[in-house]
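Report on the structure given below.
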Amino acid sequence: MKRSLHWIVAALCGIGLAQAGDFDNFLKGLIKQKLQPAAPTQPAAPTQPVAPTIAQQKPADQLLKALLSGRTSQEEELRIGQQIAGNLLGAAPLVRDDGLQRYVNRVGRWVALQSERPDLPWRFGVIESDDLNAFAAPGGYIFLTRGLYRKLNNEAELAGVLGHEIGHVIRKHHLKLLQKSQAIAALGSFFGAKLKNENEIVQNLIGNGAEIVARGLDKDAEFEADRIGLVLGARAGYDAYALPAVLAEIGHVAKNDKSVSLLFKTHPLPEDRLGQLSEAVGDKLDGLAEGQSGVGRFYRLR
Amino acid sequence: MSAPENPASRRSPPEGAKKHLGRPGVFLERVWIFALLLPGLALAMGTPVQKPVAAVPGNPGVMLRDDAMKAAPSAAADNVAKLGRGAKVRVLASQGGWTQVYAAGSTGWVRILSVKAEIAATPDLGALVEVGNRPSAPGKVVAVAGTRGLDEVELKAAQFNPEELVFLDAHAASQADAEQFAQLAGLIRRDLPYLPNPESRTTSMSNQP
């Protein structure tokens, strides 16, 4: 980790000097370096510790200004998402079941097509973990654990869970969190709590990627994703009450159970989420025809 | 595939409770028996205590919001009673977007999202015997060994894995692929606007005089 950060620092200096203030290009270059750490064009030797020099501190100030005004294009969003997804999959690889992965992608893509961002290159995957959890990364990367998949009873419930994560992507919840943490880091620098060197700035920029999913979003973002997940599932033709059913089921898991420790740390409790959904729905679904549960089509884990 | 499926299969109460559906007479009789079992009441009335079969019908539930109890599973049906948020109910059955409940001496229907079924408490001295009759799920495998979690420490220590991204990409579904899948499944697209944030609505309403 430290080593690759040193590489980034070196890359950052070059890019920062050449294109100061151009956040977009900076980010592209940065992530390219991170994605291809073995590229022979690296200017710095990774074994040598990099001490911050005057030459390195100067572009850092320029970088902070760029971050504060930072707007992210879809291409950068995808790069950031790829970085986070690749790290997350480093912690928990995909379940080696082609039928399962293809099935989840078809259901997920169909649900995502009901959103205002149907053209993102959506990717869905079931990852090897017995925890109950699901994750989203910018650009359309969505994962759920094998443990959560096993809890599901039908395709409508899968659609609801994926719909919740799709909600995070289309409302750019993680992207906003990243920008906010950049702004805080930048402000901290302006007000004297100075960052020691570029390493810390870079860490604030993308962290280790997967870290952002461990940090969690604020609860309003989670409530919003629940409302979106319910609506997208219903638009896709599924039982609108499937996502609430999953929440109710998760609510029956003991609060101190290890399988929900990260989920409950990063999300409001299921009963609060159900309460919020209940208030949001009210009588708004009264006229909605009954949707499918797709129980017969649901892919059962081997 | 496209035949309407009954979501009640998942959320429905155990068999014993389902029998009451549409048979309020039997149901009320059970409630009556339960009332007689209350020791104080039984003594006061001097009625002989009967052995409990099903102490209380259905499963415990709690109201998530204020809602009207309807005579039938329809918004157009007559109001039977008003149930406040937090009110304890017994969940009897479900049909479409509606849940049949018993509360405060009445049986009727509330919107499915207005009530939350609570997990039945540990069966206590023969009360709630019906809860134990739930059919077991043979398909569910319980992991006993080698449980793999995913915590913050593991996430923070994770190393970028490009091979996994290749595997991920290889299983992606195109838009056409997903549309064909949905068509074969008989999934029908429906219009439904996004739901507004209920808290912001409350705020704006409270601002009105």
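The values are calculated or read from the model by the stated rules, or taken from the named source; none is laboratory data. What you see is a predicted model; the values in this text were computed from it and never measured. So basically every Cβ, Gly included, is an ideal-geometry build from the backbone, and we count neighbours across all protein chains shown.
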I want to confirm something. Restricting to region B:139-158 and keeping residues that are among the small types (Gly, Ala, Ser) and more than 13 Å from A:SER129 (Cβ to Cβ), which single residue is modelled with the lowest pLDDT? B:GLY139
Report the residue count in region B:159-177 for those that are surrounded by 16 or more Cβ atoms within 10 Å (Cβ to Cβ) and of a type outside the set (D, E, K, R). 8
What tally of residues in region A:112-143 results from selecting those that are crowded, with 22+ Cβ neighbours inside 10 Å, acidic (Asp, Glu) and either free of Cβ contacts under 8 Å to residues at least 40 places away in the same chain or more than 10 Å from chain B (Cβ to nearest Cβ) (or both)? 0
Among the numbered conditions (1) within 16 Å of B:LYS116 (Cα to Cα); (2) in contact (Cβ under 8 Å) with a residue 60 or more places away in the chain, tell me where A:SER259 comes up short. (1)
Looking at region B:78-90 only, could you name the residues that are surrounded by 15 or more Cβ atoms within 10 Å (Cβ to Cβ) and over 12 Å from B:ARG111 (Cα atoms)? B:VAL80, B:ALA81, B:ALA87, B:VAL89, B:ARG90
Taking A:GLY233, is it small (Gly, Ala, Ser), more than 18 Å from A:GLY147 (Cα to Cα) and modelled with pLDDT under 90? no
Anything in region A:279-292 that is facing another protein chain (nearest Cβ under 7 Å), touching a Lys or Arg at 6+ places or on another chain (Cβ under 8 Å) and free of Cβ contacts under 8 Å to residues at least 12 places away in the same chain? List them, or say none. A:GLU279, A:ASP283, A:ASP286
Residues being under 15 Å from B:VAL166 (Cα atoms) and touching a His at 6+ places or on another chain (Cβ under 8 Å): count how many of those fall in region A:125-151. 1
Residue count, region B:167-185, condition outside any helix (DSSP H, G or I) and at the interface with another protein chain (Cβ under 7 Å from one of its Cβ atoms), comes to 3
One residue from A:GLY188, A:GLY125 being more than 23 Å from B:ASN197 (Cα to Cα) and at pLDDT below 95: A:GLY188
Look at region A:97-111 and say how many of its residues are under 19 Å from the mean Cα position of the chain (by Cα), closer than 14 Å to B:ALA170 by Cβ and at the interface with chain B (Cβ under 7 Å from one of its Cβ atoms). 2
Checked region A:275-286 for anything within 17 Å of B:VAL62 (Cα to Cα) and surrounded by fewer than 22 Cβ atoms within 10 Å (Cβ to Cβ); matches are A:GLY275, A:GLU279, A:GLY282
Of the listed residues (A:GLY70, A:GLY90), the one being at the interface with chain B (Cβ under 9 Å from one of its Cβ atoms), surrounded by fewer than 24 Cβ atoms within 10 Å (Cβ to Cβ) and modelled with pLDDT under 95 is A:GLY90
Just checking, does region B:65-87 include any residue being within 14 Å of the chain's Cα centre (by Cα), at pLDDT 90 or above and within 30 Å of A:ALA234 (Cβ to Cβ)? no
Filtered residues of region A:208-222 (kept if facing another protein chain (nearest Cβ under 7 Å), outside any loop (DSSP other than H, G, I, E, B) and surrounded by 24 or more Cβ atoms within 10 Å (Cβ to Cβ)): A:VAL213
Check region A:258-269 and report whether any residue there is at the interface with chain B (Cβ under 7 Å from one of its Cβ atoms), under 18 Å from B:TRP98 (Cα atoms), within 25 Å of the chain's Cα centre (by Cα) and surrounded by 18 or more Cβ atoms within 10 Å (Cβ to Cβ). no
Go through A:ARG273, A:ARG297 for me and flag whichever is at pLDDT 95 or above and either part of a helix (DSSP H, G or I) or more than 9 Å from chain B (Cβ to nearest Cβ) (or both). A:ARG273
